[in-house]
Amino acid sequence: MTNPSALLPVPTHVAIIMDGNGRWAKQRGLPRIEGHRRGVESVRTVLDAARAIGIPVVTLYAFSVENWRRPEDEVGGLMDLLETFLGREKSSLLKNNVRLRAIGRIEALPSRAQAALRDTIAATAHCTAQTLVLALNYGARTEVLDAARDYAAAVVAGTASLDDTASWEGFARHLYTRDLPDPDLVIRTSGETRVSNFLLLQAAYAEFVFTPVLWPDFGRAELEAAVADYRRRERRFGQTGEQVTLSPALAPTII
Ligand code: FPP
């Protein structure tokens, strides 16, 4: 919905479902892994653009819990790309003061990818300008199961109480994203209009932008267009449009 009176601020957290690498490759008669390789270039471009726009947190859906079902060589290729990306990107993350985080069942990734990930996360832990979150072996339903288990274990250990679930914030402390703001904007490329088990709870009040552009063709102009689209919207958080216009700073109200 359009808010004629004011633009929303630049989103604090943009989460992206990077889709269309396979189709990009197929259109060119290339193997699927070439699409993923080109997709890594888009990751670099988009991270630079997000920094220039002033987006503090970017989450990228790089590998879902369902992606293990892909052909073995594609899964292996994606893990190799991840490892190479982390090796090459570490110095640039440090130079740009970017903290790396990962969400998902990281312990199930191949050991070399895991080691590269843990190394870069530790090396950039002190960085404060921007946070890059990689969703790896991630699924929202798996996240809820892990959070419920973590919460139950904390209750048994006496470090959490049953009263914690009286508020969403109490339970959210057990999600992978416990130290991250909710996404304001979720972008999905390639024309698909599904959420695919991505940040289902955190995106409860997010705005969505679906673009037909395939991920390898998604660059700075496309990110700027998605952010501009977002900024023209009106976020209501369960309130009326009039309430939001009168008091735009009101905290989100759960319906
Ligand atoms: C979806 O396209 C994309 C993925 C499942 C993987 C995304 C991975 C990358 C962009 C590269 C690795 C990322 C990092 C951060 C190193 P698809 O293959 O489903 O495309 P299709 O729907 O056209 O087949």
Inset, instruction - Would you tally the residues in segment 167-197 being touching a residue at least 12 places away in the same chain (Cβ under 8 Å) and touching a helix residue (DSSP H, G or I) at 6+ places or on another chain (Cβ under 6 Å)? - result: 8
Inset, instruction - Name, by its number, the condition in (1) away from the ligand (no atom under 16 Å from the Cβ); (2) surrounded by fewer than 13 Cβ atoms within 10 Å (Cβ to Cβ) that does not hold for A160. - result: (2)
Inset, instruction - Inspect all residues belonging to segment 170-177 and state whether any of them is loosely packed, with under 15 Cβ neighbours inside 10 Å and among the polar types (S, T, N, Q). - result: no
Inset, instruction - Scan segment 22-41 and report the pairs whose first residue is of a type in the set (F, W, Y) and whose second residue is buried (at least 21 other Cβ atoms within 10 Å of the Cβ), with Cβ atoms within less than 8 Å and a gap of 6+ or a chain change. - result: W24/G35; W24/G39; W24/L214; W24/W215; W24/P216
Legend entry - Matching residues, segment 83-117, being within 17 Å of W68 (Cα to Cα) and either without any contact (Cβ under 8 Å) to a residue 12 or more places away in the chain or touching a strand residue (DSSP E or B) at 6+ places or on another chain (Cβ under 7 Å) (or both): I103, G104, R105, I106, E107, A108, L109, S111, Q114
Inset, instruction - Collect the residues in segment 210-255 that are of a type in the set (D, E, K, R) and at pLDDT 95 or above, keeping them in residue-number order. - result: D217, R220, E222, E224, D229, R231, R232, R233
Legend entry - Filter result (charged (D, E, K, R) and farther than 18 Å from H13 by Cβ) within segment 80-129: D80, E83, R88, E89, K90, K95, R105, E107, R112, R118, D119
Inset, instruction - Restrict the check to segment 199-214 and report whether at least one residue is more than 17 Å from the chain's Cα centre (by Cα), in contact (Cβ under 8 Å) with a residue 40 or more places away in the chain and in a helix (DSSP H, G or I). - result: no
Legend entry - Residue tally, condition surrounded by 16 or more Cβ atoms within 10 Å (Cβ to Cβ) and in contact (Cβ under 8 Å) with a residue 40 or more places away in the chain, over segment 118-143: 13
Inset, instruction - Test P183 against the stated conditions and say whether it is within 30 Å of G22 (Cβ to Cβ), part of a loop (DSSP other than H, G, I, E, B) and touching a His at 6+ places or on another chain (Cβ under 7 Å). - result: yes
Legend entry - Search result, residues across segment 118-131 that are under 14 Å from D179 (Cβ atoms) and assigned to a strand (DSSP E or B): T131
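The values are calculated or read from the model by the stated rules, or taken from the named source; none is laboratory data. In this text the structure is predicted, and so the values were computed from the model without any measurement. Using ideal geometry, Cβ is built from the backbone for each residue, glycine included, and neighbour counts are taken over all protein chains shown.
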